[in-house]
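Below is one structure, written out as structure tokens; comments come after it.
What follows is calculated from the coordinates using simple rules that are stated; it is not laboratory data. Model, not experiment: these values are computed from the prediction. Here Cβ is always computed from backbone atoms with ideal geometry, including for glycine, and neighbour counts include all displayed protein chains.
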There are 2 protein chains.
Amino acid sequence: MNPQLDELKTRLRDIAALHNAAALLNWDQLTGMPPGGAEARGFQQAVLARIATEKSVDPALGKLIDDLLPLAESLPADSDDACLIRGAKRDFDKSQNVPPEFVARAFEQIARSYQAWAEARPNNDYAKVLPELERNLELSREYSAFFPGSDHIADPLIDDADSGMKAADIQRVFAALRAELVPIVKAITSQPPADDACLKQHFPTEAQLAFGKKVAAAIGYDFNRGRMDLSPHPFTTRFSIGDVRITTRVREDDLGDSLFSIIHEAGHAMYEQGISTTLEGLPLASGTSAGVHESQSRTWENLVGRSLPFWQHFYPDLKAAFPGLFDAVPLETFYRAINKVEPSLVRTDSDEVTYNLHVMIRFDLELAMLEGKLALRDLPEAWNERYRSDLGITPPDDRNGCMQDVHWFGGFVGGAFQGYTLGNILSAQFMEKALQAHPEIPDEMATGKFSTLHGWLTNNLYTHGRKFLPNELVQRVTGSDIQIAPYIRYLKNKYGAIYSL
Amino acid sequence: MNPQLDELKTRLRDIAALHNAAALLNWDQLTGMPPGGAEARGFQQAVLARIATEKSVDPALGKLIDDLLPLAESLPADSDDACLIRGAKRDFDKSQNVPPEFVARAFEQIARSYQAWAEARPNNDYAKVLPELERNLELSREYSAFFPGSDHIADPLIDDADSGMKAADIQRVFAALRAELVPIVKAITSQPPADDACLKQHFPTEAQLAFGKKVAAAIGYDFNRGRMDLSPHPFTTRFSIGDVRITTRVREDDLGDSLFSIIHEAGHAMYEQGISTTLEGLPLASGTSAGVHESQSRTWENLVGRSLPFWQHFYPDLKAAFPGLFDAVPLETFYRAINKVEPSLVRTDSDEVTYNLHVMIRFDLELAMLEGKLALRDLPEAWNERYRSDLGITPPDDRNGCMQDVHWFGGFVGGAFQGYTLGNILSAQFMEKALQAHPEIPDEMATGKFSTLHGWLTNNLYTHGRKFLPNELVQRVTGSDIQIAPYIRYLKNKYGAIYSL
């Protein structure tokens, strides 16, 4: 044993424990905390975050990491310890660029801004949050400036979520995807819309939750190492590899809202549950990027959960869970309903095909805001203009327009959206590899067997946690960089069949 | 503003935030954590505890406190700031006696011992936990030795729970109480036992929980600043004055188990919810001692919740909550049933009168163990012997004998039990004062009004949190030291009437 390596692990485990404790405080706040607890809870979260930051920027930690770099060089490049040391070096160097004073100030401002957004959005009051958004944008620029020499002002913000990606790369990928997507959307929307009335009946909450749990467990989410609760917005959170929790919400008049959010969050959670236990408690024990994480939630939600084989297996169970409601609905009709493509106002409710157009609008707008080319007072109109031009619809208000997502109001402006579309692209790129290795996967899904796919994803992606940078992982698994071709093939195959394109 | 005082508060708030976060981790573990989370959770709790300890023993904190002592002297003795500085001085001085190495070692040993007890108890395997209990006793002696000059080896342990109390004081109080109790128990048990069959029917869980919540809210537990969950053993925990939670468990064949535990925990929680918000986040924002805390849980559970006026109000509600089950049960029968006195094996199930005999057995035995007069291998027989002599019954096994309570196995041996009986004594002493000020309280309870009593307790006890030492508080509220006379008067009045003594 190397005593310096042991000390490094001890220090990193302490920091991770503080983050994991903070995550529980946040989970509790969103799932069941009584209203009276809010003020003190915010303070407690700030204290844990501050102590974690103090420990993360401790010069003694930096010295320790530097002392261990030769060891990392001497070990196999993909060994846990080499990856740990290299990752710690990256994290530490990054943390050194950002003054602790800024971290505390940003934490406070963002908490205030989030609160203002939560109050202003129901009232459709953009003017109320505008000053907060101005401050968030200013903070975002200030943060970016801590990393001089970036190609684009958004790059440091993008790097936090999707390490190694740059604005220019993403613009290139998105432009190519857009060129392919627009004709597909046009071709579909020139046809009469699919009939999804079967999804808009009355579905009792308890039955929805029971069916969602059954599906999540069947695809591989381990309830012995997790649980499912209700919260205003669905999310996944991890306190350890042995405790990864999901949440959902239920609309009794809309079957899809809860069901597909459960499968989506179970996808995120299976990624975290699948990390090698040799990494437990270390900073490598998490998904490697927003994009790769989203690739897994979308794999299970869309490539699996909205596929025909999946429902060949589950449709009888669904019928039994909601007696009478689907008696007159053939599987084919149900399948078309859950894959209905229709331009809509709200990203989180949008279908698999138009979803990426929503993301690209946000990505372009945040670059324009950061570059100073879009004044924030003009954001609502710029937003609406893009929805008119890209989706052919006009938001009736800001609540369902530029105020719909929490991201810019509860965080930095920049870096928060690209991962959603990178995830969609990667989901198909990974799935093509899985299908090359195991062509039997679709047939297995039709019989309720998901373990081959789950096992392949675990062995090739999940187990590694954050050992590899996202681009390294994509190379490792697929032999190439991120490519849109598999995703386009997937969409054309699937929707070509549904809409007889 | 005094900048040193501000700094003191900042430091103490950070430490309290760590303790409060750790309390949430513990609550989650006991109420809903999936089994897979246990190992990492233990580590996270240890990290939070260690960081809190490091901050608590920081010499800079000690220097700050000492610098502020003249300020404390210059302020009114009962001002928040003077009490804060004096309390911080006491806590800091105490912490200086105990090496951090010991704290970490004790934390680990006690976690291991708890685990061993939890596994061994169902198997009735005292031999299995004996080595752990030996280590816990050794730790307890070691801890005591950090406080040289104590009159009795148990005094430092007692002081942690009931600050300012000593073994000799408690022995004196307990001897006097015992002399009064034994004849009362004898007089009651010479009569035929009360009929409590009405409490042993089938009571559905949901109806029990709903009725329990209704009662808790009616007596003054604020669900906007709390919540109730299920756990294996009922407890109360506080994350802030605005978030004080209770738990319960339910036996469908025993109405009293859940109902009176809910009222008991609500009593603890109302104490914590009633602390002045000027103390929020500071170490003064908690109950002042185990004994005073227990006085409030027992006030609400017994002096209120097992009183005739209380049930004059709630009995119709109970009948409605459990349709048919109490149709043939007159209020008088129900009242006798919930106040049935009968020597029994298990402390937590025992009645109000014999309860203190259980506590005294434990108190005497832990003193004997600490003094080295009782070898641990002889504990089961010593325990059983005392149950024979004091209660006239013999435990059939150690599971329901000396292994029944977690305290010695999940903590130090010493200081953990006296608070239960001190609480019973104090509950009557405080209540006499409340009744002197507001003789209308019993009549009000009979109409469902609890706010006069709740208000009096809040203003006289709860609001002060930990500003005053327990003895100071008792003096302040009652004008005297702890006295058994009110408690004896209470028991003789109540049980004299029920049993026509």
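What the table below lists for this structure:
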| item | result |
| --- | --- |
| Cα extents of the range A:25-69 along the three principal axes, largest first (Å) | 48, 16, 6 |
| Relative contact order (%) - criterion: Cα under 8 Å, at least six apart; region: chain A | 20 percent |
| Alpha-carbon gyration tensor eigenvalues x 5, square-rooted, for the range A:95-244, Å | 35, 26, 21 |
| Electrostatic dipole magnitude of the protein assembly as shown [Cβ: Lys, Arg +1; Asp, Glu -1; Cα centre; debye, to 20] | 620 debye |
| Calculated FRET value between A:Asp195 and A:Gln109, using beta carbons and R₀ = 56 Å, to 0.05 | 0.75 |
| Under 10 Å, Cβ to Cβ, from A:Met360 - net charge with Lys/Arg +1 and Asp/Glu -1 | +1 |
| Cα-centred dipole magnitude for chain B, charges only on beta-carbon of K, R (+1) and D, E (-1), debye, nearest 20 | 400 debye |
| Listed peptides A:491-497, B:211-217 by packing density, highest first (mean Cβ within 10 Å) | B:211-217, A:491-497 |
| Simple spin-label estimate for A:Ser74 and A:Asp443 in nanometres, 7 Å along Cα-Cβ | 5.2 nm |
| Signed unit charges on C-beta, dipole axis of the range B:3-97, positive-most listed residue B:Pro70, B:Cys83, B:Ser95 | B:Ser95 |
| Around B:Gly401: net Lys/Arg minus Asp/Glu count, Cβ-Cβ under 12 Å | +1 |
| Virtual spin-label span in nm between B:Ala38 and A:Ala176, 7 Å along Cα→Cβ | 5.1 nm |
| Dipole magnitude (debye, nearest 20) for the range B:179-317, charges at Cβ of Lys, Arg, Asp, Glu | 140 debye |
| Peptide B:234-243, shielding by other chains (average Cβ, 10 Å cutoff) | 4 |
| Relative contact order for the range B:40-126, counting Cα pairs under 8 Å that sit 6 or more residues apart, in percent | 27 percent |
| Distribution of pairwise C-alpha distances over the range A:74-148, 5 Å bins, in % | 3, 14, 16, 14, 12, 11, 10, 8, 5, 4, 2, 1 |
| Greater than 28 Å apart at Cα, pairs in A:Lys449/A:Lys494; B:Lys186/B:Lys213; A:Lys89/A:Lys373; A:Lys166/A:Lys340 | B:Lys186/B:Lys213; A:Lys89/A:Lys373; A:Lys166/A:Lys340 |
| Cα pair distances exceeding 51 angstrom across the protein assembly as shown, given as percent | 31 percent |
| Compactness of the range B:49-114, expressed as Rg and Dmax over alpha-carbon positions, Å | 14.9, 47 |
| Shielding of A:40-49 by partner chains, average beta-carbon count, 10 Å | 6 |
| FRET efficiency, 1/(1 + (r/R0)^6) with R0 51 Å, evaluated for B:Asp254 and A:Leu331 via beta carbons | 0.50 |
| Distance in nm between pseudo-label sites at A:Lys319 and A:Arg135 (7 Å out along the Cβ direction from Cα) | 5.7 nm |
| Once the Cα gyration tensor of the range B:3-97 is diagonalised, semi-axes √(5λ) in Å | 33, 14, 10 |
| Selection from B:Thr299, B:Val185, B:Gln171, by position along the positive dipole direction of the protein assembly as shown (Cβ) | B:Val185 |
| 222 nm mean residue ellipticity, helices alone, for chain B (DSSP H n ≥ 4; -39,500 (n - 2.57); rounded to 500) | -20000 deg cm²/dmol |
| Environment charge of A:Thr10, counting only residues whose C-beta is closer than 12 Å and scoring Lys/Arg +1, Asp/Glu -1 | +2 |
| Neighbour-limited loop hits for trypsin sites (Lys or Arg not before Pro), the range B:371-459 (at most 11 other Cβ within 10 Å; DSSP other than H, G, I, E, B) | B:Lys373 |
| Förster-model FRET efficiency, 35 Å R0, A:Phe102 and B:Val57, C-beta, rounded to 0.05 | 0.70 |
| Kyte-Doolittle mean at least -0.5 and Cα axial length at least 18 Å: DSSP H helices in chain B | B:3-31, B:38-56, B:59-74, B:100-120, B:167-189, B:205-219, B:255-273, B:308-321, B:355-371, B:418-437, B:485-498 |
| Debye equation applied to the C-alpha atoms of the range B:397-501, log10 I(q)/I(0) at 0.17, 0.19, 0.25 Å⁻¹ | -0.96, -1.06, -1.32 |
| Projected area, mean over directions - chain B, Cα convex hull, nm² | 23.1 nm² |
| Distance between the range A:191-213 and the range B:69-137 - C-alpha centres, whole angstrom | 54 Å |
| Farthest positive-ward along the range B:1-121 dipole, Cα basis, beta-carbon charges - from B:Val57, B:Asn20, B:Ala120 | B:Ala120 |
| Residue order, fewest to most beta carbons within 10 Å, for A:Cys402, B:Cys198 | B:Cys198, A:Cys402 |
| Sorted by Cβ density within 10 Å, fewest first, the residues B:Glu366, A:Glu180, B:Glu101 | B:Glu101, A:Glu180, B:Glu366 |
